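The values are calculated or read from the model by the stated rules, or taken from the named source; none is laboratory data. Everything numeric here is computed off the predicted structure, so don't read it as measured data. Using ideal geometry, Cβ is built from the backbone for each residue, glycine included, and neighbour counts are taken over all protein chains shown.
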Amino acid sequence: MPETYIVTPDYNGKKFLKKYFDSLFKQTYTNFKIIFVDNSDNNDSINYIYKFYNDKIKSGHIKIIKNPENYGFARSNNIGIEESFLDDECKYIVCLNNDTEIMPDFLINLIEVAQKHPEAGSIQSKMIWGQNPDLIDSVGLEYSKNGLGFNRGAYKSIENYNDEEEILGCCAGACLYRREALEDVKICNEYFDEDFFAYYEDFDLALRLQWGAWKAWYSPEAVVYHYKAGTKGSWSDFTVYHNWRNYTWTLYKNMPRNFILRHFYLIILSEIAQILINLYRGKLIILKAKFDAYKNLKTSLNKKKSINRKVSFENIEKWMELKW
């Protein structure tokens, strides 16, 4: 079986690590290594790993990278991916959040779907909401004509989405990426856009993979429980700022000019709604998010020029519908 690397960023996530590691080492597929990229402002997670999984460190199953500061989700994943690619045998990267618990056949199911679909650059797992295990967290990504990104299937019953099928793209909290695909679409030696820091970086990568003619598939048998918002709360200033700043960057970076012009009224309505809803909730940080988004938009537009476009936009637009 091909070599697989699990890349996991961590930020003060010690409380999640028992379920995370225990479930990884119960996998039916065992030919993998873990790159654990720690952004924490302490050594709690690292000390925990050395205490309970020291044998896995010694055997090379776990490699720990300690960042000097919090580099964010995007850059930390890139660091882990680059470390993985030092191994010529690495064929697959599995991005996996620290606040997850995977079922024993999680990895083998992802890999088997990837082998079945060599045109696929990414494979999505069935992510279940850990705190509410009757509900889905994500079974892929959806992108609307107003630029809003959604987790496919979110909050629906886990009884749904049981068919292996093609999708737009994958949620980076628990999915597989093919090495060849990541190398094909990287920009400025980045797989995930490091300017994003966190949030929407997987939408950006999903759209770039589509531009590069790489498909995405969903594996319903690869089940993972995600204890979402484990690092930052859903409505924290951090989340509001990065989510809605990056919404703007993703849109203008990946959508062609004629699409933006055709749907500009929807985009403006979306931008205004984001501001008003967050101001109503007392989140003044939304004003800084939008100011910084447009102030620094030129960087995203410059990266847009380097997107590897192998297909026409119609191949991407067919996945898009209007959703609020």
Across the range 156-171, which residue is farthest from the chain's Cα centre (by Cα) among those that are buried (at least 16 other Cβ atoms within 10 Å of the Cβ) and either of a type in the set (K, R) or within 24 Å of K145 (Cβ to Cβ) (or both)?
-> Y161
Which ones in the range 1-15 are out of contact with any Cys (no Cβ under 7 Å at 6 or more places or on another chain) and crowded, with 20+ Cβ neighbours inside 10 Å?
-> T4, I6, T8, P9, D10, Y11, G13
Would you be able to say whether some residue in the range 103-111 is surrounded by 18 or more Cβ atoms within 10 Å (Cβ to Cβ), in the same structural domain as E180 (by TED's automatic domain parsing) and of a type in the set (D, E, K, R)?
-> no
How many residues, within the range 124-172, are of a type in the set (S, T, N, Q), in a loop (DSSP other than H, G, I, E, B) and without any contact (Cβ under 8 Å) to a residue 24 or more places away in the chain?
-> 1
Which listed residue, of I316, I260, I285, is of a type in the set (A, V, I, L, M) and surrounded by fewer than 16 Cβ atoms within 10 Å (Cβ to Cβ) | I260
Kindly list, by first and then second residue, each pair from a residue in the range 175-196 that is assigned by TED's automatic domain parsing to the domain that holds D99 to a residue that is of a type in the set (K, R) and surrounded by fewer than 20 Cβ atoms within 10 Å (Cβ to Cβ), limited to pairs with Cβ atoms under 6 Å and residues at least 6 apart or on different chains.
-> R179/K91; I187/K303
Residue in the range 239-250 that is more than 30 Å from D184 (Cβ to Cβ), surrounded by fewer than 17 Cβ atoms within 10 Å (Cβ to Cβ) and modelled with pLDDT of 95 or more present = no
Among D204, D137, D195, which is the only one that is touching an Asp or Glu at 6+ places or on another chain (Cβ under 7 Å), of a type in the set (D, E) and buried (at least 19 other Cβ atoms within 10 Å of the Cβ)?
-> D204
